Amino acid sequence: MKHSFLDKYSDKDSLIHRLDPRTKLVAALVFIALVVLLPHASWLTYSLYFTVVAALIIISRVPVTYIFLRSLVIVPFVLMVALFIPFFKEGVEAFSFNIFSWHLSVTYEGLETLGSVMAKAWLSILFLIVLTSTTTFSNILKALESLKIPRVLVMIMSFMYRYIFVLTDEVMRMKQARDSRNFGSGGKRLWQIKTVGNMIGTLFIRSYERGERVYASMVARGFDGHSRTLDRLCFKPADVYFVIALGTSLTLITLLNLLY
Amino acid sequence: MHIPDGFLSTATVATTYVISAGGIGNAVRLANKNLGEKHIPMMGILAAFIFAAQMLNFPVAGGTSGHFLGAALVAILLGPWAAVLIMAVVLTGQCFIFQDGGILALGANIFNMGIVGGFSAYYIYKGLSAVLGDSNRSKLISGFAASWASVLLASIACAIELAVSGTSPLSVALPAMAGVHAIIGVGEGLITVAVVSLVMATRSDLLKLQRI
């Protein structure tokens, strides 16, 4: 039960941490939607949006290096799309190269698409990281529920969250047992895959049996498909100020973008 | 294959959200009908199982490692709608816990890995094992083919979404994505086979669960 990689820093305290999770979730959705709607190559607007996220990161007091490293999760996808860029044929050629008899040219249009997509993806993920590292997962679930996500789905997600820790502990134990039997340092690849497959199979059987036991004990305690919780979400004056501040800056940026 | 925000156009985001929301709605309805309130803890724990299973890495080639994806296994053992429901929950968790995949791209990710992945795996498995007969061997062969194809088809759906959004041309994105995932799919297929054969040997009753 020491898996701090799950919602790290969400237990700290700052102005952003204290906001109502609903405020933060809606703010994230609005921000990301605005960023995604922007046309390609609006570099000035991108940098203004970046200032907004940067301000939020500073106020939230989550370490900047942590947020930066987390945001690198999009890199593999960006690289894969970047590989396609040389094949954009339309547009003005920026530079070209030959691989054997294969003529590849990189156009300005291609580079512009890549740059814009990268900027948008990065801005979106930064805001998402601010949201998730200042809000605990259970509060995000409460926010999702008040945004009319079906209750059953939220309950399933809260069960998932609860049992991630238990099953991760189980996997760690299995991994330790496997590695202490020399898994990493030899054996054919097919044998290694078979070992992992057997571990996952064992984990599946144990998870399924656990699910049956959990359900039986829930029924024994009167579970009827509903959960009753003390809902303690409240919209405070701080949320109003936050909404006004963020709303004003986003509106100004949008207006500026429309004017130029 | 988790698409981040910013790669998809508004029209693609809206379309995939509508399809995925409809799919999840139907999955919840069917799970409720067939399993009653039992599906709530069961689906939650199996989603946590997918999370935990994805932590087991295995070496692939040249220092890289791969991990299990899971949609095909869940579809084979529990049925396509269960796969949609479980993968939707897993992907939402990955989005909010690891920022793996964006919020607005969540609809597309659920569509690719849950709906396309789950349904293709289930029907290929069902079709092939009907053709090959009811032996354990035919179940394993169908399991391999179903998992391989489900990874491949999910990646093709992803390439099409990127092309429709104007991010990358289909003529390049499609072969590149399909090529990479045809290799990843082999690992997924082998693991699914190992899992199914273990379940067959130890708890073969779990292979005959009611599928939804």
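The values are calculated or read from the model by the stated rules, or taken from the named source; none is laboratory data. Quick caveat: nothing in here was measured; it's all calculated off a predicted structure. Virtual Cβ from ideal backbone geometry, glycine too; neighbours counted across all protein chains shown.
Among the residues of region A:193-214, is any exposed (fewer than 15 other Cβ atoms within 10 Å of the Cβ), free of Cβ contacts under 8 Å to residues at least 60 places away in the same chain and more than 9 Å from chain B (Cβ to nearest Cβ)?
yes
Restricting the search to region B:149-173, which residues are modelled with pLDDT of 85 or more and more than 20 Å from the chain's Cα centre (by Cα)? If you could, list the steps in order and put the result at the bottom.
First, pick out the residues of region B:149-173 that are modelled with pLDDT of 85 or more: B:149-165.
The answer is B:ALA163, B:VAL164, B:SER165.
Out of region A:139-156, which residues are within 11 Å of chain B (Cβ to nearest Cβ), in a helix (DSSP H, G or I) and crowded, with 16+ Cβ neighbours inside 10 Å?
A:ASN139, A:ILE140, A:LEU141, A:ALA143, A:LEU144, A:VAL152, A:LEU153, A:VAL154, A:MET155, A:ILE156
Return the residues of region A:40-60 that are buried (at least 16 other Cβ atoms within 10 Å of the Cβ), polar (S, T, N, Q) and either on the phi > 0 side of the Ramachandran plot or assigned to a helix (DSSP H, G or I) (or both); say none if nothing qualifies.
Of everything in region A:40-60, those that are buried (at least 16 other Cβ atoms within 10 Å of the Cβ), polar (S, T, N, Q) and either on the phi > 0 side of the Ramachandran plot or assigned to a helix (DSSP H, G or I) (or both) turn out to be A:THR45, A:SER60.
Exactly one of (1) modelled with pLDDT of 90 or more; (2) more than 30 Å from A:LEU123 (Cα to Cα); (3) not acidic (Asp, Glu) is unmet by B:GLY133. Its number?
Evaluating B:GLY133 over (1) modelled with pLDDT of 90 or more; (2) more than 30 Å from A:LEU123 (Cα to Cα); (3) not acidic (Asp, Glu) leaves (1) as the failure.
Restricting region B:106-116 to residues that are surrounded by 24 or more Cβ atoms within 10 Å (Cβ to Cβ), among the hydrophobic types (A, V, I, L, M, F, W, C) and touching a Ser or Thr at 6+ places or on another chain (Cβ under 8 Å), which is farthest from A:VAL75 (Cα to Cα)?
Once the filter is applied, the top-ranked residue is B:ILE115.
Any idea which of B:THR10, B:THR92 is among the hydroxyl-bearing types (Ser, Thr, Tyr) and crowded, with 17+ Cβ neighbours inside 10 Å?
On the way: B:THR10 fails: crowded, with 17+ Cβ neighbours inside 10 Å.
Exactly one residue qualifies, and that residue is B:THR92.
Any residue at all in region B:48-58 that is over 30 Å from A:ALA41 (Cα atoms), more than 18 Å from the chain's Cα centre (by Cα) and of a type outside the set (Lys, Arg)? If you could, list the steps in order and put the result at the bottom.
Step one: list which residues in region B:48-58 are over 30 Å from A:ALA41 (Cα atoms), which gives B:48-58.
Applying the additional criterion that residues be more than 18 Å from the chain's Cα centre (by Cα) yields B:58.
When the remaining residues are screened for being of a type outside the set (Lys, Arg), the result is B:58.
The answer is yes, given that some residue of region B:48-58 is over 30 Å from A:ALA41 (Cα atoms), more than 18 Å from the chain's Cα centre (by Cα) and of a type outside the set (Lys, Arg).
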